[in-house]
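Please read the structure below before turning to the comments.
Taken together, the values in this text are just the output of simple stated rules run on the coordinates, not laboratory data. The structure presented is a predicted model; accordingly, all values stated were derived computationally and were not measured. So basically every Cβ, Gly included, is an ideal-geometry build from the backbone, and we count neighbours across all protein chains shown.
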Amino acid sequence: MSIVSKPKALVAGIHHWHSVSKVGTHYIVEYLLQQNFEVAYISAPITPLHRLLPLTEDLNQRKNNNALGGEWSSDGSLWHYVPYALVAPDSRPLLSSALVIDHWQKTTIPNIVSNVASQGFANVDLLLLDTPFQPFWLDDVSYQRSAYRVADNTNGFMGNGAACAASEAQIIRSVNKVFTASSSLLDYAKTKGARAPSLLPNGVNLSRFSDAPVPSTVLSDMHGPVAVYVGAISYWFDHDAVVALAQARPDLTILLIGPVDAPEPRYASLANVKLLGPQPHDTVPAYLAAADVGLIPFCANRFPELINDVNPLKLYEYMAAGLPVVASHWRQLQSLQSPARLVSDIPTFINEVSRALAEKSDGAKERDFARGFDWSETLAPLGNWLSDEGLQPHGESERSSSRGQM
């Protein structure tokens with residue numbers, strides 16, 4: 001019986017493999033694994049500056065991965081690695097310069113390119129970049145085809161200056177294929193030089209949201225209805241809206257789940273706002289099962305360049321859990337024509353949350369909407385492109401590997 005070799009892919013992203021912030025990049029890697037690829041996944045590096053930060057579970061995982069020199073999955077199909085670099089791209093002055101973005105890999109210990117090569121990925125079938133901060137792979141590995149996914153409008157992030165924009169534009173002009181996470185980003189990609197970008201939108205793993213258990217530890221001190229937000233709580237998050245909602249509805253418990261960039265002092269006096277911090281990704285369905293409404297309160301009016309192109313993964317997860325959703329109004333979200341209630345001011349935000357709670361929906365229309373966005377469907381354009389380029393394997397691999405035992 002013949003042995004079919006697996007095609008190899010090198011994927012570069014921001015969040016490490018076991019991050020509680022599971023984003024589109026992770027699902028793309030999972031899709032490639034399902035397509036019988038062997039994958040190396042390289043995330044953003046840690047640096048000496050991380051020694052100044054509190055040792056969170058997330059940072060500890062990144063440090064441990066680096067100390068191990070990367071980790072292989074148990075079946076030997078995925079190697080994921082958090083590099084260590086003396087300097088790395090950052091929003092702060094100097095670290096956001098072209099010099100750092102283009103050359104930080106030369107400061108990695110051990111050398112990141114050599115380490116990747118030592119794991120068998122010096123020559124890959126597919127190079128897929130999901131970040132503008134690792135452009136060097138286009139020159140430092142051999143590949144048959146290359147692709148870049150525009151996940152957000154990078155011009156809209158604070159601290160992403162001209163060097164970041166130039167790096168992304170150079171990547172877009174250099175790769176064989178450009179994908180975007182939202183339809184509104186297609187034109188953005190074209191302005192950067194993309195020749196025929198294709199939509200590769202966010203989606204949801206529907207199977208995760210069937211019969212999700214309710215976490216009793218969360219419910220133990222809660223009474224009445226529950227609203228939930230899952231995701232990063234950064235400068236684009238509308239704290240004013242959440243504070244106003246908590247004050248207007250003292251009977252409503254508001255769960256905020258995710259990493260917090262800067263503490264919001266007003267929450268300290270609001271007993272019905274629960275800051276739970278980052279939670280394991282596998283527990284998210286249980287938290288959603290405990291809720292009555294999902295929230296997406298973003299400052300779309302203050303940060304339109306960033307927010308208008310966002311295709312929020314959390315929208316699909318909320319709806320897969322059968323939750324009514326109240327969200328800030330922005331261009332891409334409106335274009336999805338979802339059952340979400342879109343609002344443009346705080347009084348309407350409060351009113352729509354109250355209406356959603358009063359209507360006590362059975363979640364049928366939300367689940368129906370989510371069914372159209374299973375990852376197997378939304379990532380199909382990637383599979384079609386791989387097939388057109390001859391990068392799909394012609395059968396299951398029989399090649400055994402001892403890497404999972406390492």
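Listing for the model above:
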| quantity | calculated |
| --- | --- |
| Kirkwood hydrodynamic radius over Cα pairs of the chain, then Stokes diffusion coefficient at 37 °C and 0.692 mPa s, in µm²/s | 147 |
| Quotient of C-alpha Rg and 2.2 N^0.38 Å, computed over the stretch 16-165 | 1.02 |
| Efficiency of FRET between E57 and E30 - r from beta-carbon atoms, R0 25 angstrom, step 0.05 | 0.70 |
| Long-range HN-HN contacts of R341 with modeled amide H, under 5 Å | V325, V326, A327 |
| Karplus-derived HN-Hα couplings along the stretch 133-140 (A = 6.51, B = -1.76, C = 1.60, θ = phi - 60°), whole Hz, x at Gly and Pro | 9, 10, x, 5, 4, 5, 10, 9 |
| Proximal lysines relative to K6, as straight alpha-carbon distance under 18 Å, when same-chain residues fewer than 8 apart are discounted | none |
| Most mobile listed residue (P265, P285, P297) in the chain, GNM with C-alpha springs under 10 Å | P265 |
| Counting DSSP beta bridges with both ends in the stretch 206-369, the antiparallel % (nearest 5) | 5 |
| Cβ-Cβ FRET estimate between A262 and S361, R0 fixed at 41 Å, reported to 0.05 | 0.75 |
| Amide H contacts of V124 (H built 1.01 Å from N, under 5 Å, at least 5 apart or other chain) | S142, Y143, Q144 |
| DSSP bridge pairs, the chain: antiparallel proportion in percent, nearest 5 | 10 |
| For the stretch 206-369, alpha-carbon Rg relative to the globular expectation (2.2 N^0.38 Å, N residues) | 0.96 |
| Label point 7 Å beyond Cα of Q170 along Cβ direction - residues of the stretch 70-113 with amide nitrogen under 11 Å | 98-104 |
| Built amide H within the under 5 Å cut-off of F179, gap 5+ | Y148, R149, V150, S198 |
| Cα-based helix-to-principal-axis angle, 346-359 vs the chain, degrees rounded to 10 | 80 |
| Cα centroid separation - the stretch 238-316 against the stretch 1-62, whole Å | 26 |
| Above-threshold pairs, the threshold being 21 Å between Cα atoms, out of K8/K192; K63/K106; K190/K314; K22/K177; K22/K106; K192/K314 | K8/K192; K190/K314; K22/K177; K22/K106; K192/K314 |
| Exposure rule at most 13 other beta-carbon atoms within 10 Å, DSSP loop trypsin sites (Lys or Arg not before Pro): the chain longest free segment | 1-194 |
